[in-house]
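Okay, structure first, notes after.
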Amino acid sequence: MQWLIELDKAAFLWLNNCLASDPLDPLFHLWSYLGNGGVALAMVAAGALVLKRPKFLKDHLPWIALGALLGGLMVHLLKDLVGRDRPVEGFAPLIQAGKVQLHLVGTILSRGSFPSGHAQVAFTVATYLSLLLRRWSPLLLLLALGVALSRIYMGVHYPLDVIVGGALGAISAWLLFRIRGMVLARWRRGQSL
């Protein structure tokens, strides 16, 4: 397991330093907000209203919100169980010795690195919408991937943090999409009797 942690740290340093560019800081900082639960749900709601799809809001927004909430509960449970330090804490001795430099953007967070809640929310929303709007799935998943990458770029998460957070989000969205389908099928059967 230690080899995986070391690989994760090396991948973080490579990505964080390789991508670092002051002109890109505002873009990645803004992109990261798409992983905030309130922002993501507000954007879905705004999109449905702009496209004049109020039925979409009634039929799907509660399920997306529930997926984000359930995934978020799993994330916070794992954060408490694992207790992984954020990169700025994990690399503190090497930073102080001048052996490592991190590109940090925005608020410097401490504690609770694993898994990423922003990646979880982004992949919950993107996965659910991808199952519903298949032709938009490449763009939706690219946006979610951008959120995950932004967390590494900003120096607040390791790659494994965003991979596991994204997986939790995708799984919770898929499960709720399936459960919604089963509930609707039972309801329709009940209506036809």
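For Val105, which of the numbered conditions (1) under 12 Å from the mean Cα position of the chain (by Cα); (2) surrounded by 18 or more Cβ atoms within 10 Å (Cβ to Cβ); (3) closer than 17 Å to His157 by Cα; (4) not acidic (Asp, Glu) fails to hold?
So the condition that Val105 fails would be (1).
Looking at Val147, Val121, can you tell me which residue is touching a Phe, Trp or Tyr at 6+ places or on another chain (Cβ under 9 Å), modelled with pLDDT of 95 or more and either of a type in the set (Asp, Glu) or surrounded by 14 or more Cβ atoms within 10 Å (Cβ to Cβ) (or both)?
Numbers: Val121 fails: touching a Phe, Trp or Tyr at 6+ places or on another chain (Cβ under 9 Å).
When all the criteria are applied, what remains is Val147.
If a residue must be in a helix (DSSP H, G or I), over 22 Å from the mean Cα position of the chain (by Cα) and more than 20 Å from Lys99 (Cβ to Cβ), how many such residues does the stretch 1-25 contain?
3
Find all pairs meeting these conditions: Cβ atoms under 8 angstrom apart; at least six residues apart or on different chains; first residue within the stretch 124-145 and touching a residue at least 12 places away in the same chain (Cβ under 8 Å); second residue not in a helix (DSSP H, G or I).
So the pair list comes out as Leu140/Leu133.
The values are calculated or read from the model by the stated rules, or taken from the named source; none is laboratory data. Since we're looking at a predicted model, the values are computed, not measured. Positions of Cβ are generated from backbone atoms using ideal geometry, with glycine treated the same way; all protein chains shown enter the neighbour counts.
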